[in-house]
1. Would you indicate which of [x] 137; [y] 150; [z] 125 is the value of volume of the Cα convex hull per residue in Å³ derived from the coordinates of this structure?
2. Specify the residue with the greatest mean-square fluctuation among GLN147, GLN313, GLN220, computed from a Gaussian network of the chain linking alpha-carbon atoms under 10 Å apart.
3. Under the 0.36 nm per residue contour assumption, what length would be gained going from the current alpha-carbon distance of ASP140 and SER109 to full extension?
4. Taking springs between alpha-carbon atoms closer than 10 angstrom, which of LEU153, LEU182, LEU291 fluctuates most in the Gaussian network model of the chain?
5. Put +1 on the Cβ of every Lys and Arg and -1 on every Asp and Glu Cβ in the chain; which of TRP194, ALA33, HIS158 then has its Cα farthest towards the positive end of the dipole?
6. Within the chain, which complete DSSP H helices have Cα atoms spanning at least 15 Å along the helix axis and a mean Kyte-Doolittle hydropathy of -1.0 or higher?
7. Between TRP56 and TYR271, what is the spin-label point distance in nm, taking each point 7 Å from the Cα along the Cα→C-beta axis?
8. Hey, how much of the P(r) for segment 19-127 falls beyond 17 Å, as a percent of Cα pairs?
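All of the numbers you see were taken from the coordinates with simple rules; none came from a lab. Model, not experiment: these values are computed from the prediction. Don't worry about glycine lacking a Cβ; one is built from the backbone with ideal geometry, like all the others, and counts go over all protein chains shown.
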Amino acid sequence: MRASSFILLIFIPFASIGQGQASYDALVKDAYAHYEKKAYRASAERYSAAFEALGWKGYPNDRYNAACSWALAGVPDSAFFQLFRIAEKTNYTNLDHITKDSDLDSLRSDPRWEQLIAIVRANKEKAEANLGRPLAALMDSIHQEDQQYRQRLDDVEHRHGRDSREMKELWRTIGEKDSSNLVVVSRILDERGWLGADIVGENGNSTLFLVIQHADIATQEKYLPMMRDAVKKGNADASSLALLEDRVLMRQGKRQLYGSQVARHNDTGEYYLSPLEDPDHVDERRAAMGLGLLADYLTNWNMIWDVEAYKDQLPLIEERLENKRRTPITR
């Protein structure tokens, strides 16, 4: 299905068209909710309804997710229709993701699969024709190391417990990988600046952010101005910058601006939104950085966004943090 928050799919925005856009957003959200419940046919049909609401237009990542639901529902024709559409119309290039996504396993024996992969591979080769190939390959390797162990966190915690030996060992491994990756990325940033996707590819470009996002506060403060400048030049995503801005603010003992940082109570294990500046206007700030609604974002932790309730709870949240600083866990 959809990539993790740090594995990017091609995203091409189109103009909002009023009520149709609102219907589209609601139907897509409902479609993904059905997917999570394994109601794949219902999920796929809601994606189709969303595309119809906008005159059969759709975001490429939503079309990809629709293809996954159709594949899991046992309707390969509809799945291939969506996949060929993003491959041919939007030059989809994420070969690594599409070839590893288990949601599409039922399609791999179909003769159309190789045709599809050939198009995606050609898209990727064309997009990378002018890249610094060795550097892009290095970034891909670092990206994999940054993410592969973090993707195991939920499973290990579920099987062994949050304070288990296995969790501590996994975090130790993550820390070691982060340190070695930071040495390489820091050298690249110091020598060449924040490289855009035209040099290291979309995956490589996001890797620069990931490694700095997972670094110590001194490193983050050092490279934050560089990333701000990169966003202005089109060499970094504003949405990623928002996450780094929030991470630095939190570590400086200040309130975050965009609501990206979620923390966890040591005693109860419950998640909560870390202190947020001006909660009433957070969605306006998020929109300016290319982020979706905070309410939708917080559903990743099964939280319901109630701005008035949050403002009432904020003094208690800040008091707890003052007594014992917690490291934000968003990853």
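1. [y]
2. GLN313
3. Numbers: separation 31, 0.36 × 31 = 11.16 nm, distance 2.77 nm.
Once the chain is fully extended between ASP140 and SER109, it gains 8.4 nm.
4. Checking each option, the largest mean-square fluctuation is seen for LEU153.
5. Result: TRP194, furthest along the dipole toward the positive end.
6. Numbers: long enough: 19-36 (26 Å, -0.81); 40-53 (20 Å, -0.60); 60-72 (18 Å, -0.61); 76-89 (19 Å, -0.07); 111-127 (25 Å, -0.64); 133-148 (22 Å, -0.84); 165-192 (40 Å, -0.71); 197-213 (21 Å, 0.58); 217-233 (24 Å, -0.61); 238-251 (20 Å, 0.52); 307-323 (24 Å, -0.82).
Answer set is 19-36, 40-53, 60-72, 76-89, 111-127, 133-148, 165-192, 197-213, 217-233, 238-251, 307-323.
7. 3.8 nm
8. I get 50 percent for the Cα pairs in segment 19-127 exceeding 17 Å.
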